[in-house]
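A short write-up of the structure that comes next.
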Amino acid sequence: MLVRLRRLRLATRIFLAQVAVIGLVLVMGTALALRQAHVEGRDQARQRVVDIALTLSASPEVAAALTGPDPARRLQPLAEDVRRATGVDWVVVMGPDRVRYSHPDPRQIGRTFLGHVDEALRGRVLTETYTGTLGPSLRAVVPVFSRGRVVGMVGIGITTTRVGEELRRRVPSIVLVALAGFGAAAVGALLVSRRLRRQTLGLEPAEITRMYEHHDAVLHSVREGVVVFDSQRRPVLVNDEAVRLLGLPSPAAELPEALRELLDGRPAVSDEVYLADDRILVVNQLPAVRDGRTLGAVATLRDHTELEALSGELNSVRGLAEALRAQAHEAANKLHTVITMVELGRAEEAVAFATAELATAQELTDRLLAAVDEPVLSALLLGKAAQAARHGVELTVTDDTAVTAETGLRPRDLVTLVGNLVDNAIEAAQSAPPPRRVHVTVRQEDTALVVRVADTGTGLDPDRLAEAFTPGWSTKPAERPQGRGIGLGLVRQVIRRYDGDIEVTRDQGAVVTVRLPLREAAVR
């Protein structure tokens with residue numbers, strides 16, 4: 001039997017358990033109700049015989065008959081009338097000597113009353129259950145007074161059989177109420193069972209436990225942040241990776257307001273960029289729908305910080321490679337020109353032409369190598385100069401540029417900072433009318449490294465500086481939405497990492513000045 005129960009579904013077992021408990025409670029309740037009905041029936045019968053006996057004993061006719069001649073002749077008809085009118089089983093009027101003057105069985109008149117009467121003779125009401133000539137009965141014996149003395153007694157009785165019959169008449173109604181209650185409770189238990197089956201998708205406890213353990217293990221082991229929202233847009237689950245990526249003190253902490261603004265009011269989010277302090281996160285969100293109902297939403301967070309940094313470095317290297325390829329192509333053209341001039345017998349002019357071109361190309365290289373001891377920065381600026389020239393923009397490194405190798409900055413951060421600022425400046429100058437120029441200054445002062453990039457573009461409104469650093473903000477066309485607005489975000493991260501500051505002013509175009517402390521302790 002136990003094995004069969006274990007094979008049943010969880011909802012079925014709970015339904016059977018509820019029905020069993022309800023049935024047990026109703027059986028106990030019915031038994032108590034019957035017991036209470038029995039007690040109340042006896043109490044009501046006892047009170048009834050007392051009331052009838054007191055009423056009859058107070059009748060002047062009874063007292064007169066007891067003190068007059070031939071009491072039985074007057075009392076027997078009166079007693080029978082009372083018995084039939086009240087529905088009791090017997091009415092006995094007796095004298096102080098316990099001799100009956102009335103009885104339902106006339107043969108008992110003149111005989112001695114069976115039962116206790118001592119309390120009645122003392123002037124008090126007596127109630128008891130006693131077996132008399134008609135069987136066991138609930139009886140009351142009360143005194144009859146005349147001029148202050150007891151001149152007789154009145155006994156009223158209801159057999160226990162009649163009390164039982166009255167109880168039996170009440171049993172069907174009690175049982176009917178119990179059955180109705182059981183039926184209603186069973187229907188309620190069935191509805192609860194069906195709802196439980198829907199809520200648990202028909203799964204067994206072991207299956208639910210196993211599913212929970214698996215889901216919990218997956219949520220807390222994946223390398224993506226996961227945030228689950230309910231239908232009211234309240235976060236109900238934040239896994240460990242999401243806590244780490246968002247810098248939350250605990251899974252129960254409030255989500256950043258900027259992230260809530262990004263996710264709220266949008267059923268689906270695809271590859272949106274969110275900057276969380278020093279991290280670049282790519283956010284996706286999809287609604288959770290079942291049976292046509294939206295249960296909530298699931299948002300995932302991927303850390304693209306390193307990827308974006310490497311992408312920036314790769315773009316710089318790609319730009320340098322393209323610049324070198326362009327220079328190689330240009331050099332080939334110039335070499336052909338020199339060869340042709342030599343073949344034409346104009347050797348001196350060919351030497352002068354080649355020397356001038358070499359001097360122009362070598363001037364910037366020599367100046368950078370002399371002023372900048374950081375080879376990564378020198379290579380970056382040389383590449384950006386060639387890249388700018390290819391786009392019709394003149395990039396100038398100012399004479400006051402001077403950087404030692406001991407800046408306390410990681411080369412990657414230096415490339416990220418200078419590369420993105422220069423790229424933005426080249427794009428701004430390229431879209432403006434001539435002259436198209438970009439001026440770059442990287443100067444190492446006593447306490448800070450100063451990076452200043454100026455362009456002849458349309459300029460950036462200082463009031464929109466905060467907006468420019470928000471994820472996805474860009475003045476470029478949205479050809480690749482998920483890649484827009486990242487550059488300045490990376491710049492902001494570098495500035496925050498080194499406790500630096502940024503200033504934007506307007507001259508012929510935008511002038512961006514960044515100051516980074518040179519103390520290594522400032523690096524977090």
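A short reminder: the numbers here are calculations on the coordinates, not readings from a lab. The structure presented is a predicted model; accordingly, all values stated were derived computationally and were not measured. Please note: Cβ atoms are built from the backbone with ideal geometry, for glycine as well, and neighbour counts cover all protein chains shown.
Annotation: amide H-H contacts under 5 Å for Val93 (H modelled 1.01 Å from N, sequence separation of 5 or more, or interchain): Tyr101, Ser102, Gly155.
Counting only Cα atoms, the size of segment 135-222 along its three principal axes is 104, 27, 21 Å, in decreasing order.
Scaling against 2.2 N^0.38 Å puts the C-alpha radius of gyration of segment 172-257 at 1.82. Phi-derived couplings, Karplus 6.51 cos²θ - 1.76 cosθ + 1.60 at θ = phi - 60°, listed residue by residue for segment 140-152: 10, 10, 10, x, 10, 9, 9, 6, x, 10, 7, 10, x Hz, with x used for Gly and Pro.
Working out 0.36 nm times the residue gap between Asp501 and Leu32, then minus their Cα-Cα distance, what length gain in nm do you get to one decimal? Walk me through the numbers on the way to the answer.
Numbers: separation 469, 0.36 × 469 = 168.84 nm, distance 8.32 nm.
Going from the current span to full extension adds 160.5 nm.
Across segment 183-276, the relative contact order, built from alpha-carbon pairs under 8 Å that are at least six residues apart, equals 15 percent. Note: relative contact order over segment 223-303, using C-alpha pairs below 8 Å and six or more positions apart, is 33 percent.
Here's how it looks for Leu237: its modeled amide H is under 5 Å from those of Val228, which are all 5 or more places away or on a different chain.
Starting from the eigenvalues of the Cα gyration tensor, five times each then square-rooted, give me the equivalent ellipsoid semi-axes of segment 1-155, largest first, whole Å.
They are 54, 14, 13 Å, listed from largest to smallest.
Which value in Å does the Kirkwood hydrodynamic radius of segment 382-426 take, with 1/r averaged over all unlike C-alpha pairs and then inverted? Intermediate values should be presented prior to the final figure.
Details: mean 1/r = 0.0848 Å⁻¹.
One over the average 1/r among Cα pairs gives 11.8 Å for segment 382-426.
In segment 55-137 the Cα-Cα distances spread across 10 Å bins starting at 0 as 17, 53, 29, 1 percent of all pairs. Close amide H contacts of Ala288 (hydrogens built in the peptide plane, cut-off under 5 Å, sequence separation of 5 or more or a different chain): Leu295, Gly296, Ala297, Val298.
Assuming R0 = 51 Å, what is the FRET efficiency of Thr447 and Ala258, from their Cβ-Cβ distance, to the nearest 0.05?
On the way: r = 32 Å, r/R0 = 0.63.
Calculated value: 0.95.
Apply the a/c threshold of 1.5 to the C-alpha gyration tensor of segment 207-260 and tell me whether it is rounded, prolate or oblate. Note, shape of segment 207-260 comes out oblate.
Could you give me D for segment 223-303, from Stokes-Einstein at 37 °C and 0.692 mPa s, where the hydrodynamic radius is the Kirkwood radius over C-alpha pairs? Units µm² s⁻¹, please.
Numbers: Rh = 12.7 Å.
The Stokes-Einstein estimate is 259 µm²/s.
Applied to segment 82-96, the Karplus parametrisation 6.51 cos²θ - 1.76 cosθ + 1.60 on θ = phi - 60° returns per-residue 3J(HN,Hα) values of 5, 4, 5, 6, 9, x, 7, 8, 8, 10, 10, 10, 9, x, x Hz, with x for Gly and Pro.
For the ranges 85-98, 440-453, 229-242, 15-28, what's the packing order if you count other beta-carbon atoms within 10 Å of each residue, average per peptide, and put the highest first? Present the calculation step by step, with values, prior to reporting the outcome.
Details: 85-98: 19.7, 440-453: 18.1, 229-242: 15.9, 15-28: 14.3.
Result, highest mean first: 85-98, 440-453, 229-242, 15-28.
Karplus-derived 3J(HN,Hα) values for segment 182-192, using 6.51 cos²θ - 1.76 cosθ + 1.60 with θ = phi - 60°, are 5, x, 5, 5, 5, 5, x, 5, 5, 5, 4 Hz; glycine and proline are entered as x.
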